[in-house]
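Some notes on the structure that comes next.
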Amino acid sequence: MKVRITFSVVLVTTLIAGVVAFAQIPGMTPPKHYAWSDKTLSPDARADMVIKELTLDEKIQFLHGLGWNAMFMPPESGPGTRAISAGGFIPGVPRLGIPDLQMTDSVEGVSGAGDKGRYATALPSAEAMAAAWDPALSYEIGTLLGHEMRAMGFNMSLGSGINMIREPRDGRTFEYKGEDPLLAGTLAGQELKAEKALHLITDLKHYAVNDQDAGRIVVNSIIGKRAMRESDLLAFQIALKDSGAGAFMCSYNRINGIYACENPYTLGVLKNDFGFKGFVVSDWGGTQSTVNAALAGLDIEMPGNDSFGEPLKKAVEAGQVPMDRLNDMVHRILRTEFDSGIVDDPPHPDSPNVMQGFKVAQKTEEHGAVLLKNEGNVLPLSAASIQSIAVIGGHADVGVLSGGGSSQVSPAGGNAVPPPPELLKNPLASFMLVEVYHRSAPLKSMQEKAPHAMVQFDPGTDPASAAALAKKSQVAVVFAVQHASEGMDLANLSLPGNQDALIEAVAAANPHTIVVLETGGAVIMPWLDKVAAVVEAWYPGIRGGQAIANLLFGDVNPSGRLPLTFPRSEADLPHPIHLAPPKPDAEHPVPKLAGAPGMIGMAMGIGPFFDVHYDEGLKVGYKWYDAENKAVLFPFGFGLSYTTFAYSGLTVAPGDSPIASFTVKNTGKRAGIETAQVYASLPDAAGEPPKRLVGWTKVELAPGESKQVSIPVSRDRLTIFDEASDSWKLTPGEYTLRVGGSSRDLPLQKTITY
Ligand code: BGC
């Protein structure tokens, strides 16, 4: 009896507590039935029913976001870490059961978790994800992100970023998925498809041609329509088609003279040609007008400006923005809320599955790290026979580097490398200046692999001391780091500080020098001929140390492939000189922009307006080096393995969508994964760069094993954009399909005619 009473008391108390807690969670009202609760109705019908009930003020409220405290927090609030993130918030309409929109950045983990004082998995950078060339892994990443976002009460994600790498010094290269629209679009598509399946609103950004961060709010990207449609916009088109993304974030920059968030061309292409039914949200502080933006297609203004809100209400009342357009804006938001499932299945706060996060983070790094050089098979290291290892530089004794800005995931346990106290006085410290190291020390993981070996660390600050340690060790592993962040571009593609000199000194002391790079993107390697091996580890995430050790010791056979070209020098880039806002003078004043100019200006490098002419046009990344016949350091699609692969027997089944079939054989002694790539060369009359990626597949092979693979090539990937008719066309003539293991190693080819 006593047990029963106690049980009932506990049950009732729990129920009451549950109801109270439920009611206290912002945006979560206890479920109630409304006419639009009927899930059998279409999202559009449900949205229209709600709109009929809304007052003008409620409609306006949907269109003006709040949030973004990060930029305005005093520096002490983030003691060396990015404690808070730039999340976003749109109040819902509780009386109608419409939830708040709770947004978080989620490019490489749920960066908004820090806002809530919560743990989130710090994944490797988006560039590392892209280097895995693995749509299934991207889906797994999306699933992890989706679960963690929901566990923290978020119902809208602010990722993925898929700007094309036209400017490799862009400080956000690490947030993007490389230089090819098919690769970036496909991978982002799978990631967001997985998030949507878990009932989140997903978002693609930064639309569009926001390919550098220096002066991002004053830069004007000048680019032809065809170039845009076939590269930058195509990535978005593919990702949207594959994912059904609910939102697009328009970018800060101007495109051909008009701000992206009020650009009738790019927003028109999105809503008309791509058939996008969701809503366009401005980047934070990226709205520069009321009427123009609303009429061009912007639906939600996020914080930093006040162009929507009251000004929009006035514009509607004055008839400058028709009521139909206002209703369309609200309709797009509501139909997306129903379509994504956030109304019917709101998130319930929960604990993130930390171990699952570790698993996905480690797998991503193990599949995304790229082995660039391995002379004399110095790698993998033999755990059984190695006697001494010098581990040098890059704070490898305590952690692995990550990239800064809105995508920064708070480091679990705090920053492994506390920043200098003077830096914290800078108001932008926690947003972008502090270099955050996640606590996953490669040194420790390497020592665990080879418990009998002498594994010693030198910080690498003094090349002579590092060289001395290298000299008395069997191998030297130098960790070289390059911090990058949103809000600032890299000065150049060289490793910062004394790291080139350090590597030279270590390599001179020990011929078995292995360089592990933790960089945001491509770097120049003046020492390449002198070192034995190079591994590009990108920003490796919370299990980076373990993943790197697994790769170095051969527990994992490297399979990553470059999603962007590594040039030999900056002189070889389409734009050898990187443009930033010019110095202000009488002719070039600093413009008065809408929004909170102080902090935004600082973070975005405000200055006089300036133009960047993307006159390389269609020739983005490898297409540039191919067209210009330039040698590169490492080509797009390249990556070594501890085994070798051979290709043979290409046949192409012609047809609307041709199918390339061929055999891949593992010709080495270890199991490995090859990324078989198919490129197409179009007829001369198409006026295209020499080739474009049209398909790929990953093939896992045991030693000696052969597999026949078939890669269908979508006809869409063979067309070009014809500006005159504003449509895609297939040029009649000969198409050569080229097959192999990188963009510059394509042993098989077959020609078909259309
Ligand atoms: C970034 C966006 C981000 C937003 C919200 C902006 O500074 O450009 O990528 O989603 O902040 O954090």
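The values are calculated or read from the model by the stated rules, or taken from the named source; none is laboratory data. Quick caveat, the model's predicted, so the values are computed rather than measured. So basically every Cβ, Gly included, is an ideal-geometry build from the backbone, and we count neighbours across all protein chains shown. Areas reflect the complete protein model, heavy atoms only, side chains present, ligands, DNA and RNA absent. Shrake-Rupley method; radii C 1.70, N 1.55, O 1.52, S 1.80 Å.
For K471, put the label point 7 Å out on the Cα→Cβ axis and report which residues of region 516-559 keep their amide N under 20 Å from it.
Backbone N within reach: 530-532.
Output the peptides 524-535, 170-181 sorted from most to least packed, where packing is the average of other Cβ atoms within 10 Å over each peptide's residues. The partial results should precede the final answer.
Details: 524-535: 19.8, 170-181: 28.6.
Highest-to-lowest ranking by the protection proxy: 170-181, 524-535.
Taking the Cα centre of region 432-552 as the origin, how large is its charge dipole in debye, to the nearest 20, when only Lys and Arg (+1) and Asp and Glu (-1) carry charge on their Cβ atoms? Write down the numbers at each step before the final one.
Values: 7 positive and 11 negative charges, 109 e Å.
Magnitude of the dipole: close to 520 debye.
Quick one: net charge of L145's neighbours, Cβ under 15 Å, K/R +1, D/E -1?
Net charge in that neighbourhood comes out at -1.
Would you work out which of G487, G405, G215 lies farthest towards the positive end of the dipole of the chain, given +1 charges on the beta-carbon of Lys and Arg and -1 on that of Asp and Glu, about the Cα centre?
G405
Add -39500 (n - 2.57) for each DSSP H run of 4 or more in the chain, then divide by its residues: what number comes out at 222 nm, to the nearest 500 deg cm²/dmol?
-8000 deg cm²/dmol
Could you work out Rg/(2.2 N^0.38 Å) for the chain, with Rg from alpha carbons only?
Rounded to two decimals, the normalised Rg is 0.96.
Of Q102, P654, P576, which is farthest on the positive side of the dipole of the chain, counting Cα position, with +1 on Lys and Arg Cβ, -1 on Asp and Glu Cβ, and the Cα centre as origin?
In the chain, that residue is P654.
Compute the distance in nm between two label points, each set 7 Å from the Cα along the Cα-to-Cβ direction, one at D726 and one at S657.
2.8 nm
Which of the pairs K205/K665; K116/K698; K193/K363 have their Cα atoms more than 31 Å apart in this structure?
K205/K665; K116/K698
For H206, what residues show an amide H to amide H distance below 5 Å, using hydrogens built from the backbone and excluding near sequence neighbours?
HN-HN under 5 Å from H206: I162, N163.
Note down the magnitude of the dipole of region 364-571 about its Cα centre, charges +1 on Lys and Arg C-beta and -1 on Asp and Glu C-beta and zero elsewhere, to the nearest 20 debye.
340 debye
Out of A293, V694, V354, whose Cα points farthest toward the positive end of the dipole of the chain (charges: +1 Lys, Arg; -1 Asp, Glu; placed on Cβ)?
Of the options given, the answer is V354.
So, in nm, how far is label T667 from label A45 when the simple model puts each one 7 Å beyond its Cα toward the Cβ?
The two pseudo-label positions are separated by 6.2 nm.
List the residues of region 662-690 whose backbone N lies under 16 Å from a point placed 7 Å from the Cα of S710 along the Cα-to-Cβ direction.
The answer is 662-664, whose backbone nitrogens lie closer than 16 Å to the label point.
Round to a whole number: what % of the accessible area of region 667-711 belongs to carbon and sulfur, probe 1.4 Å? Walk me through the intermediate numbers first.
Working: 860 of 1840 Å².
Answer for region 667-711: carbon and sulfur cover 47 percent of the accessible area.
Percent antiparallel among DSSP beta bridges with both residues in the chain, to the nearest 5?
Taking every DSSP beta bridge within the chain, about 60 percent pair in antiparallel fashion.
What accessible area per residue comes out for the chain, rounded to a whole number of Å², with a 1.4 Å probe?
Each residue of the chain exposes 35 Å² on average to a 1.4 Å probe.
Order these peptides, 667-674, 120-127, 582-589, 359-366, by their mean beta-carbon neighbour count within 10 angstrom, highest first.
Ranked by mean Cβ neighbours within 10 Å, highest first: 120-127, 359-366, 667-674, 582-589.
Among H367, H199, what's the order by accessible area (1.4 angstrom probe), most exposed first? The partial results should precede the final answer.
Values: H367 40, H199 65 Å².
Result of the area sort, largest leading: H199, H367.
For the chain, return all DSSP H helices satisfying: extent of Cα atoms along own axis at least 20 Å; mean Kyte-Doolittle hydropathy at least 1.6.
In the chain, the long hydrophobic H runs are 2-24.
Please get the size of the charge dipole for the chain, origin at its Cα centre, with Cβ charges of +1 on Lys and Arg and -1 on Asp and Glu, quoted in debye to the nearest 20.
Computed charge dipole of the chain: roughly 1560 debye.
What's the carbon and sulfur percent of region 364-571's accessible surface, probe 1.4 angstrom, rounded to a whole number?
Accessible surface attributable to carbon and sulfur in region 364-571 totals 54 percent.
Compute the FRET efficiency between D324 and S569 as 1/(1 + (r/R0)^6), taking r as their Cβ-Cβ distance and R0 = 56 Å, and round to the nearest 0.05.
Step by step, r from the Cβ atoms, then E = 0.55.
With a Förster radius of 22 Å, plug the Cβ-Cβ distance of E628 and D745 into 1/(1 + (r/R0)^6) and report the FRET value to the nearest 0.05.
E between E628 and D745, to the nearest 0.05, is 0.70.
So, by mean Cβ neighbours within 10 angstrom, what's the order for 632-643, 241-252 with the highest one leading?
On the way: 632-643: 22.2, 241-252: 24.1.
My ranking of the peptides, most packed first, is 241-252, 632-643.
In a shell of Cβ-Cβ distance under 15 Å around L502, excluding L502 itself, what net charge do Lys and Arg (+1) and Asp and Glu (-1) give?
In short, -3.
Give me the compactness ratio for region 318-410, meaning the Cα radius of gyration over 2.2 N^0.38 Å.
With N residues counted in region 318-410, Rg over 2.2 N^0.38 Å equals 2.05.
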